[in-house]
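Please find one structure pasted underneath; my questions will follow.
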Amino acid sequence: MSAKTRNGRAGTTSEWSGHAPRYAESALAFVSQGIHLWVLQEQFLFRPLTGGLIFLAAVCQGLLAASLLFGPGRWMVRFGVALNVCIVTSWAVTRFFGYPGLLGFDRLPVEPLNLTAAVAEAGLIVLLIRIRRQIKPHPESSERRDIVNAA
Amino acid sequence: MNMTRRSFLKMGAMAGVGLALPVGALSRPFDRIGAAGSVISPSVEPFEVPLPAPSVLKPVHTDSTTDHYEVTQKARTLEILPGMKTEVWGYDGLFPGPTVEARSGRKVVIRQMNELPVPVSSHLHGGRTPPGSDGYPTDLILPSGSGSSLGHDHGGHTVTTSDGFKDYEYPNEQRAAALWYHDHRMDFTGPQNYRGLLGMYIIRDEIEDELPLPKGEKEVPLIIADRIFNEDGSFYYPSIDPSLTGQGGVIGAYANGVFGDTVLVNGAPWPVMEASNTRYRFRILNASNAQVYDLALDPPPPGGKPFVQVGSDGGLLESPVSHDRILTSPAERFDVVVDFSRYPVGTEVTLKNLEGEGKTRDVMRFVVARKEKDESAVPDALAPRQDYPDPEAAGVTRRFEFRNGNQWGGMSTVNGKMFDPERMDASPRLDSTEVWEFVSDGEHPIHLHLVHFKVMSRNGGEPGPYDAGWKDTVLLRANERVRMAARFEGYRGKYVFHCHNLEHEDMMMMANFEVI
């Protein structure tokens with residue numbers, strides 16, 4: 001069994017499995033983006049404000065998913081964590097507390113699709129936090145930090 | 001900057017997946033929103049089409065206590081606009097549906113059969129009906145042979161279903177009155193009424209029989225409904241999901257109601273009716289989804305008010321009330337007599353909607369075409385003194401605030417809550433009297449199932465001129481407060497009350513009460 005490596009050559013199973021967490025994260029981000037895109041059209045017609053937020057979430061998850069495929073930097077991982085924490089928190093607040101008086105609706109229903117997205121995003125947060133610890137700082141940025149510290 | 005193949009691929013993937021895909025997904029809703037504001041119905045010359053009379057439904061069999069009917073809900077192509085074809089969803093394929101003529105105290109059973117591609121639920125509006133036949137929004141008749149999975153999930157709420165047909169039982173233990181039946185499916189009442197699922201249901205009794213009010217061909221139903229038509233003659237309704245099987249509701253711009261640019265009366269655009277110079281009794285039903293009509297006659301007759309109101313939603317008034325105009329919101333009925341003898345023969349009298357603009361300012365026209373002897377009259381006493389509920393006897397007062405969603409987001413609510421079939425919002429005791437206060441932020445016609453009520457006050461003052469008699473629907477203008485008293489009698493069980501602006505209703509401005 002083999003997999004393509006960074007330079008396009010066939011790699012070993014161990015190289016593939018080394019990338020597996022990233023691919024899993026990417027897959028979860030794609031799942032989340034797919035679900036957001038699926039509901040985007042109806043939501044945008046129905047509630048343009050909510051639709052706009054879903055559009056933003058889909059854009060960000062797409063950027064994150066693509067970036068994760070190619071090896072993300074620390075900033076992208078941080079962005080991914082922050083983004084998904086925001087999305088999951090919004091989901092939980094609108095499902096379990098609601099927005100009384102603000103947008104004119106109370107609690108939104110928990111449905112299979114939005115629950116799937118929330119679970120995928122929660123999983124993504126966990127994986128991103130784990131991978132964040134494994135990513136070494138970029139040498140250039142370390143050097144820069146050293147220079148700043150020295151100054 | 002050096003661009004490696006890898007970074008090129010990465011940038012390409014991020015641009016494609018992160019930007020192009022979502023932007024592409026937005027193009028369709030953008031197109032629909034753009035198109036929504038630009039649909040204009042084909043031009044129709046007003047006052048050319050004769051006023052049709054809805055057909056009267058014939059029973060399939062009768063026995064000593066009951067009249068049995070069968071109605072098939074189905075699609076049919078009709079000529080509504082001259083020279084154009086419109087597919088309607090109608091009771092027996094008709095728009096409006098056939099009129100049911102019932103007698104007070106004599107039971108009616110209607111077998112409703114569903115040959116439409118979507119679930120339906122039939123509600124007898126104004127009927128004192130047992131809960132199982134009231135047309136609760138999730139009590140659905142599935143399309144014949146569709147099994148159990150066609151677009152009636154309703155967000156996981158519990159639904160009761162009948163496969164293909166359901167027998168609705170109406171005891172008719174109530175006064176003579178003009179009722180109507182219409183679709184009441186949760187989330188889709190607006191589009192399904194719009195496509196034609198509505199018809200009149202008239203109950204008669206001995207008290208009314210004995211009155212010398214105009215009868216026969218001089219008792220005319222006027223079912224007023226506005227619509228928008230596409231260029232090809234089909235109805236235009238801005239559903240989020242036009243198949244009516246997925247997401248309910250309308251495009252945000254129509255969240256406050258779908259208002260048509262073509263006024264139909266009995267299914268004909270701006271019709272004309274030839275009348276003799278005698279009295280006519282008009283059973284006016286506002287069957288529009290959202291439009292309020294402020295009806296007036298142009299020219300007004302010499303010597304006083306043109307409309308003599310003899311009945312309201314719940315039947316005959318104790319005594320007639322004269323009006324210059326009739327203000328009617330969706331689902332309200334006004335039973336009025338117009339005396340055309342006050343006009344010279346040859347006069348053309350236009351029924352106007354003073355709330356309309358442009359073409360929608362006209363509703364229909366009467367032509368006083370001939371002289372005739374008139375033996376009808378409007379007596380000073382119509383119905384016996386009514387036993388209205390006494391608000392002093394009310395053990396409970398409840399308050400309900402009706403608030404709009406808006407075009408940017410949000411659902412319409414009652415007391416800040418969206419409709420939830422499983423949540424009980426009030427539990428009046430059987431035979432108890434309660435005072436309910438309604439408060440509105442916008443324009444909301446509020447309708448209670450099961451009961452008729454008496455409007456006690458409007459904004460702390462006297463009831464309005466159109467609040468006379470028994471009501472089942474009351475119009476609240478923006479920022480109004482109406483108190484009414486109702487006696488919850490008849491049946492124990494679960495019913496709904498809601499705004500009868502059907503787009504508000506579909507967007508969750510509905511709540512439950514259970515008579516216990």
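Kindly provide the set of residues from the stretch B:162-188 that are assigned to a loop (DSSP other than H, G, I, E, B) and within 13 Å of residue B:119 (Cα to Cα), ordered by number.
B:164, B:184, B:185, B:186, B:187, B:188
For the stretch B:1-31, name all the residues that are small (Gly, Ala, Ser) and buried (at least 17 other Cβ atoms within 10 Å of the Cβ).
Matches in the stretch B:1-31: B:13, B:18, B:25.
Okay, moving on. Restricting the stretch B:377-408 to residues that are part of a loop (DSSP other than H, G, I, E, B) and within 11 Å of chain A (Cβ to nearest Cβ), which is farthest from residue B:277 (Cα to Cα)?
For the stretch B:377-408, the residue satisfying everything is B:408.
Please state which of the following conditions residue B:10 fails to meet, knowing it meets all the rest: (1) touching a residue at least 12 places away in the same chain (Cβ under 8 Å); (2) facing another protein chain (nearest Cβ under 7 Å).
Evaluating residue B:10 over (1) touching a residue at least 12 places away in the same chain (Cβ under 8 Å); (2) facing another protein chain (nearest Cβ under 7 Å) leaves (1) as the failure.
Are there any pairs with C-beta distances below 9 angstrom linking a residue in the stretch A:73-95 that is under 18 Å from residue A:62 (Cβ atoms) and of a type in the set (Lys, Arg) to a residue that is modelled with pLDDT under 90 and surrounded by fewer than 18 Cβ atoms within 10 Å (Cβ to Cβ), with the two at least 6 apart or on different chains, and if so which?
Short answer, once both residue conditions are applied: A:78/A:132.
Scan B:93, B:105 and give me the residue that is in contact with a Lys or Arg (Cβ under 6 Å, 6 or more places away or on another chain) and surrounded by 13 or more Cβ atoms within 10 Å (Cβ to Cβ). It would help to see each step written out before you state the result.
On the way: B:105 fails: in contact with a Lys or Arg (Cβ under 6 Å, 6 or more places away or on another chain).
Only one candidate passes the filter, namely B:93.
Can you name the number of the only condition in (1) crowded, with 19+ Cβ neighbours inside 10 Å; (2) assigned to a helix (DSSP H, G or I); (3) under 14 Å from the mean Cα position of the chain (by Cα) that residue A:82 fails?
Result: residue A:82 fails condition (1) only.
In addition: What's the number of the condition residue B:53 fails, among (1) buried (at least 18 other Cβ atoms within 10 Å of the Cβ); (2) closer than 30 Å to residue B:173 by Cβ?
(1)
Taking the stretch B:418-459 only, how many residues are of a type in the set (Gly, Ala, Ser) and either more than 30 Å from residue A:97 (Cβ to Cβ) or not in a strand (DSSP E or B) (or both)?
Filtering the stretch B:418-459 for residues of a type in the set (Gly, Ala, Ser) gives B:426-427, B:432, B:440, B:442, B:457.
Now narrow it down to the ones that are either more than 30 Å from residue A:97 (Cβ to Cβ) or not in a strand (DSSP E or B) (or both): B:427, B:432, B:442, B:457.
The number of residues fulfilling the criteria is 4.
Suppose we filter B:294, B:232, B:261 for residues that are under 19 Å from residue B:500 (Cβ atoms), modelled with pLDDT of 95 or more and surrounded by fewer than 18 Cβ atoms within 10 Å (Cβ to Cβ); which single one remains? Working first, answer last.
Details: B:232 fails: under 19 Å from residue B:500 (Cβ atoms); B:261 fails: under 19 Å from residue B:500 (Cβ atoms).
Exactly one residue qualifies, and that residue is B:294.
Select from the stretch B:194-210 the residues that are in a strand (DSSP E or B) and either within 20 Å of the chain's Cα centre (by Cα) or within 14 Å of residue B:313 (Cβ to Cβ) (or both) and list them in ascending order.
Once the filter is applied, which keeps residues that are in a strand (DSSP E or B) and either within 20 Å of the chain's Cα centre (by Cα) or within 14 Å of residue B:313 (Cβ to Cβ) (or both), the stretch B:194-210 yields B:198, B:199, B:200, B:201, B:202, B:203.
Ok, one more. Name the strands (runs of 3 or more DSSP E) wholly inside the stretch B:460-516 in which the number of residues that are aromatic (Phe, Trp, Tyr) is 2 or more.
Qualifying strands (runs of 3 or more DSSP E): B:493-499.
Next question, about the same structure. If you go through the stretch B:409-417 one residue at a time, do you hit one that is away from every other protein chain (no Cβ under 14 Å), touching a residue at least 40 places away in the same chain (Cβ under 8 Å) and either assigned to a loop (DSSP other than H, G, I, E, B) or surrounded by fewer than 20 Cβ atoms within 10 Å (Cβ to Cβ) (or both)?
Within the stretch B:409-417, not a single residue is away from every other protein chain (no Cβ under 14 Å), touching a residue at least 40 places away in the same chain (Cβ under 8 Å) and either assigned to a loop (DSSP other than H, G, I, E, B) or surrounded by fewer than 20 Cβ atoms within 10 Å (Cβ to Cβ) (or both).
Sort through B:232, B:241 and tell me the only one that's within 14 Å of chain A (Cβ to nearest Cβ), charged (D, E, K, R) and part of a loop (DSSP other than H, G, I, E, B). Don't jump to the end; show me each part of the working.
Details: B:232 fails: within 14 Å of chain A (Cβ to nearest Cβ).
The conditions single out B:241.
Next up: Identify all residues within the stretch A:30-68 that are at the interface with another protein chain (Cβ under 7 Å from one of its Cβ atoms) and among the hydrophobic types (A, V, I, L, M, F, W, C); write none if there are none.
Listed by number, the residues that qualify are A:37, A:40, A:44, A:45, A:46, A:49, A:55, A:58, A:59, A:63, A:65, A:66.
Here's the yes/no breakdown for (1) at pLDDT below 95; (2) within 18 Å of residue B:292 (Cα to Cα); (3) among the aromatic types (Phe, Trp, Tyr); (4) outside the structural domain of residue B:226 (by TED's automatic domain parsing):
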| position | (1), (2), (3), (4) |
| --- | --- |
| B:425 | no, no, no, yes |
| B:437 | no, no, no, yes |
| B:459 | no, no, no, yes |
| B:486 | no, no, no, yes |
| B:491 | no, no, yes, yes |
| B:500 | no, yes, no, yes |
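Confirm whether residue B:191 is modelled with pLDDT of 95 or more, in a helix (DSSP H, G or I) and either under 18 Å from the mean Cα position of the chain (by Cα) or surrounded by 24 or more Cβ atoms within 10 Å (Cβ to Cβ) (or both).
Yes: the conditions hold for residue B:191.
Quick check on residue B:35: is it aliphatic (A, V, I, L, M), within 14 Å of another protein chain (Cβ to nearest Cβ) and over 30 Å from residue B:145 (Cα atoms)?
In short, yes.
Those residues that are surrounded by 21 or more Cβ atoms within 10 Å (Cβ to Cβ) and of a type in the set (Lys, Arg), I need them from the stretch B:321-351; list them, please.
Answer for the stretch B:321-351, where residues must be surrounded by 21 or more Cβ atoms within 10 Å (Cβ to Cβ) and of a type in the set (Lys, Arg): just B:333.
Strands (runs of 3 or more DSSP E) wholly in the stretch B:246-355 with at least 2 residues that are among the polar types (S, T, N, Q) - which ones?
Because the criterion is at least 2 residues that are among the polar types (S, T, N, Q), the strands (runs of 3 or more DSSP E) in the stretch B:246-355 that meet it are B:307-312, B:315-323, B:348-353.
Pairs under 9 Å by beta carbon, first residue under 22 Å from residue B:252 (Cβ atoms) and modelled with pLDDT of 85 or more in the stretch A:98-123, partner of a type in the set (Lys, Arg) and part of a helix (DSSP H, G or I), six or more apart or different chains?
Short answer, once both residue conditions are applied: A:114/A:95.
Can you name every residue in the stretch B:13-32 that is at the interface with chain A (Cβ under 9 Å from one of its Cβ atoms) and either charged (D, E, K, R) or under 26 Å from the mean Cα position of the chain (by Cα) (or both)?
Answer for the stretch B:13-32, where residues must be at the interface with chain A (Cβ under 9 Å from one of its Cβ atoms) and either charged (D, E, K, R) or under 26 Å from the mean Cα position of the chain (by Cα) (or both): B:28, B:32.
The values are calculated or read from the model by the stated rules, or taken from the named source; none is laboratory data. These numbers come from a predicted model, not from an experiment. Glycine also receives a Cβ, built like all others from the backbone with ideal geometry; neighbour counts cover every protein chain displayed.
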